[in-house]
Amino acid sequence: MEKQRYERPVIKKLETGMPNKFGLRSEYVPITHIEGNSVKELLSTYGSPLFVISERTLRQTMEKARTAFTTRYPKVQFAWSYKTNYLNAVCSVFHQEGSWAEVVSGFEYDKAVALGVDPKKIIFNGPDKSQEDLKKSIGNDSLIHIDHLDEFYTIVNISDKLKKKPRVAIRVNMDTGVYPMWDRFGFNYENGQAWDAISKIMHSKKMELVGLHCHIGTFMLAPSAYAIAAGKLADLAHAIQQKFNHEIKYIDLGGGFASRNTLKGAYLPGIDSSPSFDDFAEAVTTALINGPFKTEKLPLLILETGRALVDEAGFLLGTVISNKRSSTGRRITILDAGVNILFTSFWYDHKITPAQPFTHYTEETIVYGPLCMNIDVIRENASLPLLNKGDHVVIHHVGAYNMTQWMQFITLRPQVIMIDMNDKPHIIRDKETLGNINAVEHIPEHVKTLPR
């Protein structure tokens with residue numbers, strides 16, 4: 001007979017609304033498997049910690065987003081946001097699902113081309129496009145979204161030299177009722193900067209103005225803000241038609257849709273408070289359909305959704321290193337996964353679920369990573385059962401930004417696997433090694449010799 005785990009007696013204060021005498025729990029069942037794969041076996045095979053991406057969730061979430069918009073508007077095109085997660089396997093899934101590529105650097109642009117994306121279906125955003133970047137994208141007939149006038153003048157010079165008329169849009173920032181307003185990027189709508197940029201483009205006759213673009217914020221919880229943005233871009237497009245007899249071919253509303261993560265300090269969990277794709281689609285498409293466009297002249301709606309499409313598909317599996325008590329008596333659990341690979345723990349209270357059966361007793365716990373840095377906090381406060389050294393956990397909704405903003409700091413970055421539609425795991429990024437780090441370093445000859 002297996003020896004039962006001892007639980008010490010506890011007196012716990014009951015609060016109104018608590019579902020039972022044990023208080024609120026992190027989860028009612030452990031997550032022992034991910035799409036048919038044992039968490040314990042995955043960690044044994046691929047090492048701990050381990051990132052897991054669900055291909056099925058990627059495709060299902062993409063279908064939800066596509067359906068929400070295409071059932072409300074006749075011309076919709078998604079463009080995958082590379083900065084959100086630019087692992088080749090993840091990008092390729094979205095491209096298979098019909099997404100274009102949206103990039104914000106020469107590195108991301110080259111990555112998209114190498115994956116086989118038609119350069120005409122690459123949207124080049126961002127404030128930092130080098131002359132070489134612009135020459136390449138103009139030569140490839142990619143879509144260039146102009147961020148500032150210095151970029152405009154550079155494009156004029158390059159187009160003269162290449163004898164080619166690039167396809168461009170301008171990024172517009174505006175007041176949508178959400179503050180602080182994102183006015184660092186692009187040209188302001190209210191003070192006339194956007195119209196000034198449009199006039200310069202039209203009068204220069206050096207480029208073809210094909211679109212208008214905005215990206216009003218990140219983790220947006222107000223669909224109404226997108227309705228305001230769509231309405232203002234529609235008004236700009238109408239003014240261009242009126243003054244220059246020129247039709248704008250697309251309106252790009254960028255990204256920023258909230259995922260189902262829970263922001264730090266939020267009263268309600270993200271699964272309850274984040275708007276759905278239907279909520280965003282209803283706001284955006286209503287504004288465009290009720291705008292100044294004739295039915296046969298509706299512009300293409302481009303969406304650069306990233307976080308809301310990929311967050312839920314990502315898991316981080318980890319192992320408990322140890323438990324201890326703080327000086328104030330609070331329980332501390334230390335995992336082998338830190339903020340160097342889970343950057344979003346600075347923003348979110350990620351859901352953490354034990355990966356093996358657990359007892360009814362829970363305790364408010366500080367969850368730390370393994371780094372020798374006091375900021376290495378995965379959760380400042382989580383109601384968790386008592387986890388022992390060697391137990392495993394699953395951290396949820398980590399697909400966005402962690403695999404692009406992670407750092408090689410103190411520890412090496414772990415392996416990433418993708419579980420396919422048949423529940424088979426594939427390595428999509430090898431774990432980092434000392435050789436990877438040393439391969440890009442050089443030691444001057446005079447410091448190679450060490451004292452004996």
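The values are calculated or read from the model by the stated rules, or taken from the named source; none is laboratory data. Every value quoted in this text rests on a predicted model; they were computed, and no experiment measured them. Don't worry about glycine lacking a Cβ; one is built from the backbone with ideal geometry, like all the others, and counts go over all protein chains shown.
Taking the condition part of a loop (DSSP other than H, G, I, E, B) and surrounded by fewer than 16 Cβ atoms within 10 Å (Cβ to Cβ), does T359 pass? If you could, list the steps in order and put the result at the bottom.
Details: part of a loop (DSSP other than H, G, I, E, B): yes; surrounded by fewer than 16 Cβ atoms within 10 Å (Cβ to Cβ): yes.
Judged against the criteria, T359 is a match.
Would you pick out the residues in segment 152-200 that are in contact with a helix residue (DSSP H, G or I) (Cβ under 9 Å, 6 or more places away or on another chain), among the small types (G, A, S) and more than 24 Å from D133 (Cα to Cα)?
G177, S199
With the requirement that a residue be in contact (Cβ under 8 Å) with a residue 24 or more places away in the chain and polar (S, T, N, Q), what does segment 248-296 give you?
S259, N261, T262, S273, S274, S276, T285, T286, listed by residue number.
I'd like to check something: does segment 366-378 contain any residue that is in contact (Cβ under 8 Å) with a residue 60 or more places away in the chain, among the acidic types (D, E) and either outside any loop (DSSP other than H, G, I, E, B) or under 26 Å from Q415 (Cα atoms) (or both)? Full working, then the answer.
Of all residues in segment 366-378, those in contact (Cβ under 8 Å) with a residue 60 or more places away in the chain come to none.
Looking through segment 366-378, none of the residues is in contact (Cβ under 8 Å) with a residue 60 or more places away in the chain, among the acidic types (D, E) and either outside any loop (DSSP other than H, G, I, E, B) or under 26 Å from Q415 (Cα atoms) (or both).
Are there any pairs with C-beta distances below 7 angstrom linking a residue in segment 117-133 that is closer than 14 Å to G186 by Cβ to a residue that is at pLDDT below 95, with the two at least 6 apart or on different chains, and if so which?
Close Cβ pairs satisfying both conditions: none exist.
Could you count how many residues in segment 379-414 are over 28 Å from T218 (Cα atoms), part of a loop (DSSP other than H, G, I, E, B) and touching a Gly at 6+ places or on another chain (Cβ under 9 Å)?
1
If only one of D133, D160 is over 30 Å from E282 (Cβ atoms) and surrounded by fewer than 17 Cβ atoms within 10 Å (Cβ to Cβ), which one is it?
On the way: D133 fails: surrounded by fewer than 17 Cβ atoms within 10 Å (Cβ to Cβ).
Criteria check complete, one pass: D160.
What are the residues in segment 223-279 that are part of a loop (DSSP other than H, G, I, E, B), within 21 Å of K294 (Cα to Cα) and either under 22 Å from the mean Cα position of the chain (by Cα) or at pLDDT below 95 (or both), if any? Full working, then the answer.
In the first step, residues of segment 223-279 are kept if they are part of a loop (DSSP other than H, G, I, E, B); the result is 245-249, 253-256, 258-262, 264-269, 274-276.
Subset that is within 21 Å of K294 (Cα to Cα): 245-249, 253.
The answer is L253, and nothing else.
In the set L317, L335, which member is crowded, with 21+ Cβ neighbours inside 10 Å, assigned by TED's automatic domain parsing to the domain that holds M407 and under 26 Å from S92 (Cα atoms)?
L317
Given the criterion of a type in the set (D, E) and either part of a loop (DSSP other than H, G, I, E, B) or touching a strand residue (DSSP E or B) at 6+ places or on another chain (Cβ under 6 Å) (or both), identify the matching residue among D150, D160, D141. Reasoning before the result, please.
Working: D150 fails: either part of a loop (DSSP other than H, G, I, E, B) or touching a strand residue (DSSP E or B) at 6+ places or on another chain (Cβ under 6 Å) (or both); D160 fails: either part of a loop (DSSP other than H, G, I, E, B) or touching a strand residue (DSSP E or B) at 6+ places or on another chain (Cβ under 6 Å) (or both).
After ruling out the rest, the residue left standing is D141.
I'd like to verify a number: residues in segment 295-321 that are more than 23 Å from H33 (Cα to Cα) and part of a strand (DSSP E or B), how many? First the steps, then the outcome.
To start, the set of residues in segment 295-321 that are more than 23 Å from H33 (Cα to Cα) comprises 295-308.
This time we only want the ones that are part of a strand (DSSP E or B), so: 300-303.
Selection size over segment 295-321: 4.
Being surrounded by fewer than 20 Cβ atoms within 10 Å (Cβ to Cβ), hydrophobic (A, V, I, L, M, F, W, C) and assigned to a helix (DSSP H, G or I) is the filter here, so list the residues in segment 105-117 that pass it.
Residues of segment 105-117 surrounded by fewer than 20 Cβ atoms within 10 Å (Cβ to Cβ): 105-107, 110-111, 113-116.
The next check asks that each one be hydrophobic (A, V, I, L, M, F, W, C); those that pass are 107, 113-115.
Of everything in segment 105-117, those that are surrounded by fewer than 20 Cβ atoms within 10 Å (Cβ to Cβ), hydrophobic (A, V, I, L, M, F, W, C) and assigned to a helix (DSSP H, G or I) turn out to be F107, V113, A114.
In segment 199-220, which residues are out of contact with any Gly (no Cβ under 8 Å at 6 or more places or on another chain) and either under 14 Å from D147 (Cα atoms) or not assigned by TED's automatic domain parsing to the domain that holds N188 (or both)?
The first filter runs over segment 199-220 and keeps only residues out of contact with any Gly (no Cβ under 8 Å at 6 or more places or on another chain), leaving 199-212.
Across segment 199-220, the qualifying residues are K200, I201, L209, G211, L212.
Just one of (1) touching a residue at least 60 places away in the same chain (Cβ under 8 Å); (2) closer than 23 Å to A197 by Cα; (3) outside the structural domain of G192 (by TED's automatic domain parsing) trips up L143, so point out which.
All conditions pass for L143, except number (3).
Kindly provide the set of residues from segment 300-331 that are within 26 Å of the chain's Cα centre (by Cα) and not aliphatic (A, V, I, L, M), ordered by number. Walk me through it before giving the result.
Let us first name the residues in segment 300-331 that are within 26 Å of the chain's Cα centre (by Cα), namely 300-319.
Selection gives E304, T305, G306, R307, D311, E312, G314, F315, G318, T319.
Consider only pairs whose beta carbons are under 8 Å apart and that are at least six residues apart or on different chains; among these, list those whose first residue lies in segment 400-426 and is at positive phi and whose second residue is at pLDDT 95 or above and aromatic (F, W, Y).
The qualifying pairs are Y401/F343.
For segment 22-104, which helices (runs of 4 or more DSSP H) that fit wholly inside it have 1 or more residues that are touching a helix residue (DSSP H, G or I) at 6+ places or on another chain (Cβ under 8 Å), buried (at least 22 other Cβ atoms within 10 Å of the Cβ) and among the hydrophobic types (A, V, I, L, M, F, W, C)? If you could, list the steps in order and put the result at the bottom.
On the way: elements: 39-46, 55-70, 88-96.
Those helices (runs of 4 or more DSSP H) span 55-70, 88-96.
So, I341, is that one part of a loop (DSSP other than H, G, I, E, B) and either over 16 Å from N402 (Cβ atoms) or assigned by TED's automatic domain parsing to the domain that holds N374 (or both) or not?
Working: part of a loop (DSSP other than H, G, I, E, B): yes; either over 16 Å from N402 (Cβ atoms) or assigned by TED's automatic domain parsing to the domain that holds N374 (or both): yes.
Yes: the conditions hold for I341.
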